[in-house]
Amino acid sequence: MKKKKILFIASHRPDRAPGQRFRFEQYLAPLENAGFECEISYIVDEEADKILYARGKYFKKALIQLRSVRKRKKDAARAKNFSIIFIFREALMTGSTRFEKMFSDSGAKIIFDFDDAIWHLDVSEANRIFSWLKNPEKTGDIIGMSDLVFAGNEYLAAFAKKTNPNVVVIPTTVDTSKFQPVKHHNNNEKIIIGWSGSITTIKHFEFAVPFLKKLKEKYGDHVGFKVIGDPTYRNEELGIKGIAWNAKSEVNELAEIDIGIMPLPDNEWTKGKCGLKGLTYMALGIPAIMSAVGVNVEIINDGENGFLARTGDEWLEKIEKLISSEDLRRKMGEKAAKTVEDRYSVNAWKEKYVNYFCELLR
């Protein structure tokens with residue numbers, strides 16, 4: 001019997017990028033248990049990572065692109081040796097679909113997975129000069145040449161179905177064997193309001209700064225603030241020094257948060273977000289307040305397993321409710337953790353996830 005082999009095409013090395021980690025890396029073990037042989041081919045190693053998201057360094061960034069092309073040529077040459085090619089978002093970080101076409105022509109089945117509205121242009125400040133290399137419309141082309149599409153939510157699925165009828169919604173899920181409810185502070189200690197993200201999404205945290213300043217004015221040292229994911233971020237008025245994300249310390253860092261926030265603007269890009277930040281808070285039993293945008297309104301039942309907020313006044317009102325009541329934080333956190341376990345956990349989805357791969361080869 002021919003070995004069932006999957007080549008995962010991704011940008012980043014394993015255990016580095018949240019999208020990859022929560023979309024497919026945590027399903028590698030269940031896939032292997034089902035008889036699949038899995039391999040990840042990535043183009044951004046640790047050294048390139050330090051260059052790619054820094055300002056300037058344009059010559060070195062160009063060299064990274066050249067190396068990426070060489071890597072993908074090698075992948076395309078051996079694609080016929082795999083049963084399935086799984087493409088997470090794109091094969092190359094440019095507007096080209098050359099390699100996706102080569103994978104499609106190899107005879108392997110193609111699964112395309114995306115967790116953002118990547119048909120809209122969204123470029124980090126550090127790489128805005130390279131925006132001309134991007135071609136967001138290529139997303140539709142890749143969808144069209146795929147045998148199966150995994151969409152992170154219904155908004156993304158609706159877009160994909162315009163081009164391909166073989167689309168299934170796979171929500172972003174959390175490994176609850178790792179993200180387990182933690183014990184939090186009592187009401188007499190400082191309440192930590194926290195945000196988790198990255199250098200590219202720190203702009204979303206900025207939406208919270210005006211109402212966080214009002215909380216600081218009212219509660220003084222009774223509240224503190226924590227930013228995880230952007231070590232360059234500073235806000236002296238709020239006493240924030242951002243810290244880098246680290247896989248080994250991720251859960252411990254998040255566990256210090258008493259209230260998790262996920263502020264977002266309401267636009268076409270954010271409607272495609274899959275609620276990952278909020279889900280990680282919730283899995284740890286941390287009450288979350290999320291902007292009432294996109295899939296967040298499906299995850300949160302407002303006032304029960306978390307809060308939804310639209311205006312600055314709503315954010316203030318709901319954070320203050322949580323600050324003032326340890327009991328509310330505890331009860332809401334318990335319901336949040338149950339929501340994740342029941343609907344957004346690897347345990348809840350692994351059987352169905354693996355089955356999609358099996359069915360594709362039947």
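Tabulated values for the structure
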{"item": "Test for Ser249: is it under 18 Å from the mean Cα position of the chain (by Cα), surrounded by fewer than 24 Cβ atoms within 10 Å (Cβ to Cβ) and free of Cβ contacts under 8 Å to residues at least 12 places away in the same chain", "result": "yes"}
{"item": "Verdict on Ile110 being farther than 27 Å from Leu63 by Cβ, crowded, with 20+ Cβ neighbours inside 10 Å and modelled with pLDDT of 95 or more", "result": "yes"}
{"item": "Options Ala91, Ala76; residue that is touching a strand residue (DSSP E or B) at 6+ places or on another chain (Cβ under 8 Å), closer than 28 Å to Glu32 by Cβ, modelled with pLDDT of 95 or more and crowded, with 17+ Cβ neighbours inside 10 Å", "result": "Ala91"}
{"item": "Scan of segment 211-245 for residues that are out of contact with any strand residue (DSSP E or B) (no Cβ under 9 Å at 6 or more places or on another chain) and within 19 Å of Asp49 (Cα to Cα), ordered by number", "result": "Thr232"}
{"item": "Matching residues in segment 325-350 - criterion: being out of contact with any Gly (no Cβ under 9 Å at 6 or more places or on another chain), touching a residue at least 24 places away in the same chain (Cβ under 8 Å) and either under 22 Å from Phe22 (Cβ atoms) or open to solvent by 70 Å² or more (accessible area, probe 1.4 Å) (or both)", "result": "Glu326, Lys338, Val340, Glu341, Arg343, Ser345, Val346, Asn347, Ala348, Trp349, Lys350"}
{"item": "Top-ranked residue of segment 46-60 - restricted to ones that are under 29 Å from Ser106 (Cβ atoms) and in contact with a helix residue (DSSP H, G or I) (Cβ under 9 Å, 6 or more places away or on another chain), ranked as most open to solvent (accessible area, probe 1.4 Å)", "result": "Leu52"}
{"item": "Tally, over segment 204-236, of residues that are part of a helix (DSSP H, G or I), open to solvent by 90 Å² or more (accessible area, probe 1.4 Å) and not aromatic (Phe, Trp, Tyr)", "result": "4"}
{"item": "Of all residues in segment 280-308 being touching a Gly at 6+ places or on another chain (Cβ under 9 Å) and assigned to a helix (DSSP H, G or I), the one that is most open to solvent (accessible area, probe 1.4 Å)", "result": "Glu298"}
{"item": "Sole residue being outside any loop (DSSP other than H, G, I, E, B), under 30 Å from Ser345 (Cα atoms) and free of Cβ contacts under 8 Å to residues at least 40 places away in the same chain, chosen from Leu63, Leu28", "result": "Leu28"}
{"item": "Segment 196-210: number of residues that are more than 21 Å from Arg55 (Cβ to Cβ), among the hydrophobic types (A, V, I, L, M, F, W, C) and out of contact with any Leu (no Cβ under 8 Å at 6 or more places or on another chain)", "result": "1"}
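The values are calculated or read from the model by the stated rules, or taken from the named source; none is laboratory data. None of these values were measured; they are calculated from a predicted model. Cβ: placed from backbone, ideal geometry, glycine included. Neighbour counts: every protein chain shown. Just the protein is used for accessible areas: all its heavy atoms, side chains included, with ligands, DNA and RNA removed. Shrake-Rupley method; radii C 1.70, N 1.55, O 1.52, S 1.80 Å.
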